[in-house]
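Take a look at the structure below.
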Amino acid sequence: MTATPPTLAALSAKNLYLQPLPPSHTPLPGKENFGRYMLSIPWNNVTGWGQATIEPRRDITVDPLSGVMQYAGTCFEGMKCYKTEEGDLRLFRPSKNFDRLKRSAARLGLPCEWDNDELVSLLAKLVSLESDLVPQYDGGNLYIRPTMIETGEAYGIKASPYASSALLYIVTAVNLGKALYASAEEEGKGIKLDACKEYIRAWPGGTGSYKLGANYGTVMIAKKPDFAMSLWVHTEGGEDYISEAGAMNVFIIKQAEDGALEFITMSLSNGIVLPGITRDSIIELLRKHGANEKDFPLDGMLRNIRVVERDISMSEITSSLADGSLKGMFGCGTGVVVVSIGQIQYDNQMYTIPHNPLVLLLRDTITGMQRGKIEHEWSYKVPEWKGVRAEAAAESKGNDEKAEDLAA
Ligand SMILES: *Cc1c(COP(=O)(O)O)cnc(C)c1O
């Protein structure tokens with residue numbers, strides 16, 4: 001007799017339960033900028049994924065000995081929803097975020113199997129309900145925070161290294177774009193970084209390439225006043241290498257001896273660097289542009305360019321500054337999109353990085369795609385949705401106005 005493995009339910013968008021906001025809904029003081037709703041989907045190792053629910057944003061209750069409370073069993077994603085000039089909502093490469101969430105969850109022994117299309121469809125419904133909160137201008141957006149936590153008990157040595165239960169939830173926050181560094185895109189205005197050797201963010205074989213809560217909680221303390229963020233440095237063979245800055249990937253722009261302009265960023269191969277979706281997008285844009293492929297709009301960018309993924313040492317930065325071959329430096333990530341780096345403090349000395357207008361060109365291209373000004377397959381158009389109860393009401397009454405009422 002062979003035992004049949006239990007079938008765990010798959011994550012599904014079909015039986016979504018929507019709990020509308022009460023008519024009396026008012027945000028709690030200090031929480032006015034948060035989206036009003038949250039999406040949550042529980043999971044356990046006996047039945048699999050449970051029912052997806054969209055309900056008014058609320059506190060979460062967990063056992064004091066749960067994995068998230070005891071051993072930081074949590075990972076997350078950072079995404080944004082944009083409103084186009086025509087008023088529709090867009091997400092930027094959302095499946096990429098959910099692929100990365102799977103990777104992070106797998107690293108923690110959390111559930112990591114689902115169909116991204118189902119999850120994207122649920123997220124699309126969540127942001128649709130918040131449509132009127134999404135700012136409609138460059139730099140403004142609805143920030144999206146998918147999170148997975150281990151709700152199962154975890155202390156001492158467990159028989160199984162895998163979580164017994166978990167919760168996947170998504171909450172949102174209105175981002176007015178004030179923290180964006182758009183003003184950094186002028187001569188002498190780039191952000192200021194502190195090359196930090198005291199707190200090491202990531203090391204080979206560690207978890208730096210995963211978006212785990214623990215990676216962030218342990219290095220928050222490194223940020224010095226007067227600096228936008230830390231430039232993460234690790235030492236190998238007596239040489240200081242950079243990896244990332246804050247929660248951004250980093251590129252340097254360098255004039256190569258053969259005349260090409262090189263965009264150099266740390267390779268992903270040693271597991272230290274977070275595989276950013278903005279980083280990936282910039283690499284693809286530049287590579288296709290350099291190869292003369294027409295469908296990638298980067299008007300004004302030189303053609304004689306090259307993308308290089310390899311280690312970058314601090315001594316390469318200081319020596320290429322000295323000989324004039326360093327032509328610029330920038331950070332990129334969902335939060336900042338693309339931002340010029342203007343100064344680096346390293347070994348008690350301040351280095352000024354040359355300003356490069358190509359950074360703004362990259363920024364405008366990516367933000368143009370995100371807000372649907374540049375049509376591109378990377379931009380996902382959110383289908384309009386007013387809520388399941390609204391759908392039912394519209395069907396039975398054939399009355400669209402009623403549907404709007406219910407969803408309001
Ligand atoms: C999230 C993150 C990035 C940027 O990734 P995007 O997908 O571009 O937003 C870069 N570095 C770190 C450490 C991060 O956490």
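Working only within the range 229-243, note down all residues that are more than 12 Å from ALA195 (Cβ to Cβ), in a strand (DSSP E or B) and either within 16 Å of the ligand (Cβ to nearest atom) or free of Cβ contacts under 8 Å to residues at least 12 places away in the same chain (or both).
GLU236
Just to verify a result, which residue in the range 198-215, among those that are surrounded by fewer than 14 Cβ atoms within 10 Å (Cβ to Cβ) and at negative phi, is farthest from the ligand (Cβ to nearest atom)?
Going through the qualifying residues, I end up with GLU198.
Quick one: would you say SER164 is out of contact with any strand residue (DSSP E or B) (no Cβ under 8 Å at 6 or more places or on another chain) and touching a residue at least 40 places away in the same chain (Cβ under 8 Å)?
Criteria not met by SER164.
I'm trying to understand the selection: among the residues of the range 115-169, which are in contact with a Lys or Arg (Cβ under 7 Å, 6 or more places away or on another chain), in a loop (DSSP other than H, G, I, E, B) and surrounded by 20 or more Cβ atoms within 10 Å (Cβ to Cβ)?
Matches in the range 115-169: VAL134 only.
Can you tell me how many residues in the range 332-342 are in a strand (DSSP E or B) and either away from the ligand (no atom under 16 Å from the Cβ) or touching a Phe, Trp or Tyr at 6+ places or on another chain (Cβ under 8 Å) (or both)?
Of the residues in the range 332-342, 6 are in a strand (DSSP E or B) and either away from the ligand (no atom under 16 Å from the Cβ) or touching a Phe, Trp or Tyr at 6+ places or on another chain (Cβ under 8 Å) (or both).
For the range 122-132, check the following and say yes or no: at least one residue is free of Cβ contacts under 8 Å to residues at least 12 places away in the same chain and either out of contact with any Asp or Glu (no Cβ under 9 Å at 6 or more places or on another chain) or on the phi < 0 side of the Ramachandran plot (or both).
The answer is yes; a qualifying residue exists.
Take the residues of the range 170-192 that are at pLDDT below 95 and over 21 Å from LEU358 (Cβ atoms): which is surrounded by the fewest Cβ atoms within 10 Å (Cβ to Cβ)?
Checking each candidate, the answer is LYS178.
Within the range 378-403, can you find the residues that are within 30 Å of the chain's Cα centre (by Cα) and either modelled with pLDDT under 95 or in the same structural domain as VAL250 (by TED's automatic domain parsing) (or both)?
GLU384, TRP385, LYS386, GLY387, VAL388
For the range 257-293, give me each residue that is surrounded by fewer than 20 Cβ atoms within 10 Å (Cβ to Cβ) and within 22 Å of THR367 (Cβ to Cβ).
Once the filter is applied, which keeps residues that are surrounded by fewer than 20 Cβ atoms within 10 Å (Cβ to Cβ) and within 22 Å of THR367 (Cβ to Cβ), the range 257-293 yields PRO275, ASP280, ILE283, GLU284, ARG287, LYS288, GLU293.
Need pairs with beta-carbon distance below 6 Å; first residue part of a loop (DSSP other than H, G, I, E, B) and within the range 18-34, second modelled with pLDDT of 90 or more; sequence gap 6+ or separate chains.
Filtered contacts from the range 18-34: GLN19/GLU55; LEU21/ARG36; LEU21/PRO56; ASN33/ALA173; ASN33/VAL174.
Any idea which of PRO64, PRO94 is away from the ligand (no atom under 16 Å from the Cβ) and either acidic (Asp, Glu) or in the same structural domain as ALA166 (by TED's automatic domain parsing) (or both)?
None of the other options fit; the residue is PRO64.
Residues checked against (1) in contact with a Phe, Trp or Tyr (Cβ under 8 Å, 6 or more places away or on another chain); (2) over 27 Å from ILE341 (Cβ atoms); (3) among the small types (Gly, Ala, Ser):
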residue	(1), (2), (3)
LYS102	yes, yes, no
SER121	no, yes, yes
ILE170	no, yes, no
GLU185	no, no, no
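Go through GLU55, GLU86 for me and flag whichever is surrounded by fewer than 16 Cβ atoms within 10 Å (Cβ to Cβ) and not in a loop (DSSP other than H, G, I, E, B).
The conditions single out GLU55.
When the residues of the range 258-288 are narrowed to those that are assigned to a helix (DSSP H, G or I) and among the aliphatic types (A, V, I, L, M), which ends up farthest from the ligand (Cβ to nearest atom)?
LEU286
Does the range 309-318 contain at least one residue that is under 30 Å from GLU375 (Cα atoms) and in contact (Cβ under 8 Å) with a residue 60 or more places away in the chain?
No: the range 309-318 contains no residue that is under 30 Å from GLU375 (Cα atoms) and in contact (Cβ under 8 Å) with a residue 60 or more places away in the chain.
When the residues of the range 255-281 are filtered to those that are in contact (Cβ under 8 Å) with a residue 60 or more places away in the chain, touching a Phe, Trp or Tyr at 6+ places or on another chain (Cβ under 8 Å) and not small (Gly, Ala, Ser), which remaining residue is nearest to ARG303 (Cα to Cα)?
Filtering first and then ranking leaves ILE277.
Does any residue of the range 290-305 turn out to be more than 13 Å from the ligand (Cβ to nearest atom) and closer than 20 Å to SER230 by Cα?
So far as the range 290-305 goes, no, none of its residues is more than 13 Å from the ligand (Cβ to nearest atom) and closer than 20 Å to SER230 by Cα.
Can you work out which of the residues in the range 75-91 that are in contact with a Leu (Cβ under 7 Å, 6 or more places away or on another chain) and over 16 Å from SER131 (Cα atoms) is farthest from the ligand (Cβ to nearest atom)?
For the range 75-91, the residue satisfying everything is CYS75.
If you scan the range 244-257, which residues turn out to be in a loop (DSSP other than H, G, I, E, B) and either farther than 23 Å from LYS224 by Cα or more than 8 Å from the ligand (Cβ to nearest atom) (or both)?
Of everything in the range 244-257, those that are in a loop (DSSP other than H, G, I, E, B) and either farther than 23 Å from LYS224 by Cα or more than 8 Å from the ligand (Cβ to nearest atom) (or both) turn out to be ALA256, GLU257.
Here is a list of conditions, (1) over 28 Å from CYS75 (Cα atoms); (2) within 23 Å of the chain's Cα centre (by Cα), and ILE272 meets all of them except one; can you say which number that is?
Just one mismatch for ILE272, condition (1).
The values are calculated or read from the model by the stated rules, or taken from the named source; none is laboratory data. Values in this document were obtained by computation on a predicted structure and should not be read as measured data. In this analysis, Cβ positions are derived from the backbone assuming ideal geometry, glycine residues included, and neighbour counts consider all displayed protein chains.
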